[in-house]
Structure formats: C-alpha cells, structure tokens
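The next block holds one structure in the form of structure tokens; read it before the comments.
The values are calculated or read from the model by the stated rules, or taken from the named source; none is laboratory data. Since we're looking at a predicted model, the values are computed, not measured. Heads up, the Cβs are rebuilt from the backbone with ideal geometry, glycines too, and the neighbour counts pull from every protein chain shown. The area values use the complete protein model at the heavy-atom level, side chains included, leaving out ligands, DNA and RNA. Shrake-Rupley method; radii C 1.70, N 1.55, O 1.52, S 1.80 Å.
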Amino acid sequence: MKKSFLIMTLVSPLLIVLFYGIIFYFSFNKDLGEDKKLVLVNDATGIFQNQLEAENNISFQYKNLNEEASLEMLKNAEIFGVLNIKKEGEQIQYNLIANEQPGLSTLNGIESKLEKVLKAKKMQDKGIDASLLKEINDISVQISTQKSTDKGLEKSNSGVTTIIGFVGAFLIYFFIFLYGVQVMKGVIEEKTNRIVEVIISSVKPFQLMMGKIVGIAMVGFTQFTIWVVLVAALSGPVSSLVMKMAHVDPSSIAQTTQMSGMPTDELAKTPVKSNASMAILSGLNQLNIPMLLGLFVFYFIGGYLFYGALFAAVGSAVDNETDTQQFMMPITLPLIFSIAISQSIINTPNSDLAIWLSMIPFSSPVIMMVRLPFGVPTSEIIASMACMVLGFIGTVWLAGRIYRIGILTFGKKPSYKDLAKWLFRKS
Amino acid sequence: MIIQIENLYKSYQTHVALKDINLNIQKGSIFGLLGPNGAGKTSLIRILTHITEADSGQILFNGEKLSPNHIYQMGYLPEERGLYKKMTVKDQLLYFAELKGLSNSRAKEKLKYWVDKFDIKSWLDKKVEELSKGMQQKIQFIATVVHEPKLIILDEPFSGFDPINAQILVDEILILKEQGASIIFSTHRMDSVELLCDHIALINKSEKILDGAVNEIRQQFKKNHFEIKYEGTPLINDHNINIVSHKENELVQTDIITSKQFQSNNELIKQLMQYPISLNAFTEKLPTMEEIFIQAVNQKQQSHA
C-alpha cells in the first residue's frame, strides 16, 4: 500500500474536523474576522448626538469638523471614516468619507443604527413612551414545528434536518468527485502505459473497466468508513475545545450584550447553549437514522457507479489528462449544479423542482440527501432508487461501449462525433 | 501446428489491415513476422491475442478453433511497453501471472524461478519507476513468459534493448524454444531476426507476399553471387565469370562475382584456380532478408501490373 494513501486516510478526518472547528470558531466570534472601526460623526443636525449604539466592531465619536479638518483626521490610521450629516431642506444627507471602500455589512450596520435613532425619535415625537418602545422592540416569535405523518404528529427540528441533509449531500458530491476522478486517472494510466494491451488480451474491456470502478469503490468505502469512525471519535474533543476557545458560555454572551448596551439580566438567564443542544438531540431522535444511513450508502454507491462509469469513459477516450477538459464539462456540470441548487432545495424540500431533481440520476444522489431528513414519501424514494439503478446500468453500458474502442485508440483526440460512432460500432 | 490461419480478413473504418492471410506456424519453431511499419503485423497479432476480432477467416490454435481460453497459453509482449509505474515489481509480476490463470502459490513459485535466473531479488520490492529502462524491459519479459505460455508473441522485442540485454533476451528465447514453446517475432528490422528464425512470413500492405523456411527462401532468392578474397592481379570479366563489384586494399582483393555457366560451387572454384591468383576465401553470398523483401515486393508489383 502506498504511504501517501495511508497518510491521507488518517489525516483527512483530522483536517475535516479542524476545518469545521475553524468555521464554528469564527461564526461564534464574528468580530475576529473584522477590524475595529472608529467612525467620527460630524452631525450638523444634532439629532444623532450620542445616540448611535456602538457594536462589537463599530464605535462612534462625535466631533464637529469642517471638510478640511475631517480629511486631516482621516490620516489618523485609527479612524475608519468620517460620517457627515447635514440637513438640506427637509431631507437629511448622509455622507461617509473613508480611506477604503466600506464593506456592505459595515454600511448596513451604520445605516440601521441611523434608522433606529430616527424611528425612536419619531415615536417619541408622537408621544410613545420609552418603556412601551422597549416592549415593542422585545417582541419575538418562535414557531415550533410538528409534522403530520401516518403515525400521528411528530416533533421536528428544521435546523437539524437542514444540517443533516446538507452534510449528506455534500459528502456524496465530494466522494463522487474524488473517486470518479481517481477512476479516470487510473484508466488514463493504463492506457498511456500500454499495460492495457497485455491486460485486454486476458480479460474483456468491460471486465477491466468494471474492475477499475468496483476496485476504487472498495478503496473508497474502506477510506470512508475509517473517516467516519475517526471523525466521530475526534469531533467530541475538538468541539469541546472549540467551545472553550470561543468562550461560548452564558457569561460571554452576557458580556457582549452588555457592550451593546442591551439589558443583560433577561438574556443571561436564558440557558442558550443547553437549550440549543437539547433541541439538536431531540431533533436527531426524530430522524430515522438507520434508514438515512442505508439510503446514504445506496445513493453513494449508485451515484458513484453512475458518474464513475462516465469518468471511465472519458479516461478511455483521451491520451492524457490535459485532453480530458472538454469531456469533463458535461459530467461535472450536473454535479456542481445539484450541489449549488441544493441550498434552495433545503428551503423548499417538497417543491416540484426538488421532486424532479431527486428522480433524475444526474442529480438525485445529492438532492435526495438534502430532501430525505425532511421526510420523503416512500413511493418517491422507490421511484428515485429505480431511476438510479436504471441510470447507472445505462451509463455503465454507455461507458463500456466507448471504453472498448477508446482504450485501444491512440493518437488523435476524439470528438463527440467520434464517441457517438464508437457507441454503435461493432467490436 | 500451433497456429493455422486461413483466409483472414480485417479492415478498419478507413483502410484494409489484413487481406486474405494464410499462415501456418509450426510447434516449437521461431516464426518471424516481417514487414515494414503499418503492414498489418500488429493487427494480426491483436487478432491472435483476442484484443480485436477478424472480419472473416479462421484461426486454429493447436488444432482447435481459437477461443478466449487460449489466451492463458499465450504470452504477449506488446511493441509499446508498459508496466504500472507505482507498483512494486513483485506485486506486478504476481498480478500478471494470476491474470494469466496461475494460482497464487504457483505464481510465487514461477516468480522465484525467474528471480533466481535473472538475479533480481533486490528489485522485488522496488517500484517500477525506480528501475532503469533495461531492468524494466527484463521485468516485462518475465511478465510475458511467467505463466509458461505455449505460444510467445513478441512485437518488436529488441527495440530499446542494449546489445547485452538483447543477447540475454536471445538466449532466453532459445531456451524457451528448447523447452517446447513456439515463438512469433514481429519486427520491421528484418536483419535482426533472420539468424534466429526458422520460418518467416513477409507482409506488405496488408498482404502476405512470401513465407517459408528461412533457408529455403534464401536459396530461392539467391542470385549465385559469390564473394572471393584473393591476392594477385585483379580479375576481369571473361567467358567464365562476371565481376559484380571489386574492392581492394594493400594486399587483398575482394570481388563479388557470378558464374556464366554455373554448375556447382566446386566447379566454380576449379575455374577460379586457373587464374593467376592465390585464393584466400570463397563464400556463397546469400541475399539478406531485406534484399529478399525488396525483391519480393517488386515481383509482386510486376505481377499485379
């Protein structure tokens, strides 16, 4: 066995866990990714004086400056920009001068703060008192969802199903690509090395092709199993480490809310973390894990065979890897399309589009993974599986026809027309 | 007969590769399949090795109709050599041996035989890409013969071999022949096999133009040219002999001559004795395979015209 293979097998799960650890770390500590920004407010109207809320990464200072002075101030590296506010007739003009083009989120943040001040002022002008205003602002609605099934009502958790669906879809996408390209490279190696002539004199081209596809599937499955076990074993310690590093405990949340000037007592009382993890656990309990896993394995194998055969056909048709480009396009496009569209499928898992895409074998492995955690009628699952089986029988047949000619054809780079001819040529 | 080919035709989309080929290859002989590049040699071999199929015609292997099972009794060294570069020599040889139907234990046994023979024990755990080209050629040769095939097909076997390794290859081929294997040599370098082959067939432009035992063919095409070396006055054309070419260095003259009324070699030597020369050497000059090929091609073209 190759050393690099062994190392990849063992190191990859570590990388995956680390990768997600880092993503979580940054999503909990958003301000890590951004610099602190100090904005000077040059307010000629006086409306906003000492009214703008400071946030994690944006804070405000109030100064009266003329244009020259503000440009002078900008030379100071600590100052992000100068916000000039003045009245022109009934309209208030806002103008931000900065050394760099401000990001969209920064701009939106400042705008929303200005709006908030204006709204509060308006309400006060109309005689709504501050405590009422606070009550209005604190109104929050959370919908708990239940799914009506044959067995009665089931609790459900859209967050968990979304994550499970997306992770499953992404894994399938990733593995089809990874192992499909391996099949193609293997075929090209055998072809360019001319080993194929010796082997084809002993086995039929179809057997050789299937051997390649099935062999790499076995390798993939072994690798995958090792990864799942290692990721499961590693994710516990790593996630607790990340939690620790990110200070995701109630006190830190209280701290941040205090900084933003919101009332702390109520938020601090809410046991945010335990609540969330309870919800995740109960969400997981609602899912039919064995069926999900079983179907994952089915679509993993089905999708791999479907695409692996096409990759093998591409490998057989060309003489070297650089020539694969034009044939790779039509294979990779549907795969990339399905992973891209899966984000909108998650929002509407039972739309017509979602149903059709989960039937077509080009996209069904990825799309079905997205839909499954939300619950898919058995009849649709069976239909999709049948399409998948027919699909890979079809591509394997197609690939076999191209492979048997392509693998012994050297020199000229074939066109799509040539491939079509090969399909129907007698051996 | 190990191979009998009757009325074999094969054509591809744009050209005819083989036209009405008839050949017999005797058991235990070395058979040379000669012809220029693109003559159809490789097409014929690919049909024998079941890589492609003929359009029509019949092939018998050992008296039976050629079938995929016969592949296990053949060893094929293709013109374009190739091994798995990242695989170790040992894994590779075992893989090929088992692919040709040997059991794992039998494959290991045979591998040991060849390892001892070529003294390559230290190579076994190396990857092929770490070996020199000559070493790779040896590995490929072992892969071709490791399953003791009855028929060994070598396509341009000497290309890429240095003289020393080429000689090793020749020796091994002769040993395999002694052990009863039949060997087909395919090459466009006709001089390289004329000493080795018992029988040959010449193929040109998808047609067989000549076949038979090497000695018979050379006799058939000889022009009664004789090379003589002598000292004394240079010979000139007369009623007995014709001088085809003449060379001389300080002492020895070398002529190629023909006899005008040839009866036998002895008779010619007798005639030469009558000239005022002292004869050093007398050799019957047989045509080379290349000369025969050119002559045969010309004859064929004239008969077509």
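General observations
- The angle between the Cα long axis of helix B:104-118 and the longest principal axis of the Cα atoms of chain B comes to about 40 degrees, rounded to the nearest 10.
- Here r is the Cβ-Cβ distance between B:D171 and B:F282 and R0 is 35 Å; the resulting FRET efficiency, rounded to 0.05, is 0.65.
- Centre separation in Å (Cα based) which lies between the range A:40-100 and the range A:335-400: 53 Å
- Top of B:N204, B:N240, B:N165 by mean-square fluctuation, Gaussian network on chain B, Cα under 10 Å: B:N240
- Estimated from helical segments only, the mean residue ellipticity of chain B at 222 nm is -10000 deg cm²/dmol, where each DSSP H run of four or more residues counts as -39500 (n - 2.57).
- Rg/Rh (Cα only; Kirkwood hydrodynamic radius) as it applies to the protein assembly as shown: 1.22
- Placing one equal scatterer on every Cα of the range B:49-89 and applying the Debye formula, the log10 ratio I(q)/I(0) at q = 0.22, 0.27 Å⁻¹ is -0.86, -1.06.
- When the P(r) of chain B is calculated, the portion above 38 Å amounts to 30% of the C-alpha pairs.
- Share of pairwise Cα separations in the range A:67-143, more than 14 Å, in percent: 74 percent
- Counting only alpha carbon atoms, the long axis of helix B:133-145 and the longest principal axis of chain B meet at about 80°.
- Across the range B:69-130, the volume of the C-alpha convex hull divided among the residues equals 99 Å³ per residue.
- Cα gyration tensor category, rounded, prolate or oblate, for the range B:1-74 with a/c compared to 1.5: prolate
- Considering only B:E290, B:E207, B:E172, the mean-square fluctuation computed in a Gaussian network model of chain B, springs between alpha carbons under 10 angstrom, is largest for B:E172.
- Here the simple spin-label model places points 7 Å from the Cα toward Cβ, and for A:T409 and A:F26 these points are separated by 4.7 nm.
- Neighbouring partner chain Cβ atoms per residue of B:77-85, average, 10 Å criterion: 5
- The range B:1-131: radius of gyration and largest Cα-Cα distance (Dmax), Å: 17.8, 49
- Compactness of the range A:58-200, expressed as Rg and Dmax over alpha-carbon positions, Å: 30.2, 92
- For the range A:118-237, convex hull of alpha carbons as volume per residue, Å³: 286 Å³
- DSSP-defined beta bridges in the protein assembly as shown - what % are antiparallel, rounded to 5: 65 percent
- P(r), alpha carbons of the range A:1-130 - 5 Å bins starting at zero, rounded %: 2, 9, 15, 16, 14, 10, 7, 6, 5, 4, 4, 3, 3, 2, 1, 0
- Using alpha-carbon coordinates, inclination of helix B:89-99 to the longest axis of chain B, degrees: 90 degrees
- Counting all C-alpha pairs of the range B:124-163, share separated by more than 17 Å (%): 37 percent
- Candidates B:L44, B:L196, B:L124, ranked by Gaussian network fluctuation over chain B, Cα under 10 Å, top entry: B:L124
- Measuring heavy-atom accessible area with a 1.4 angstrom probe and counting protein chains only, the residues of the range A:393-420 that give up at least 30 Å² relative to the chain alone are A:L408.
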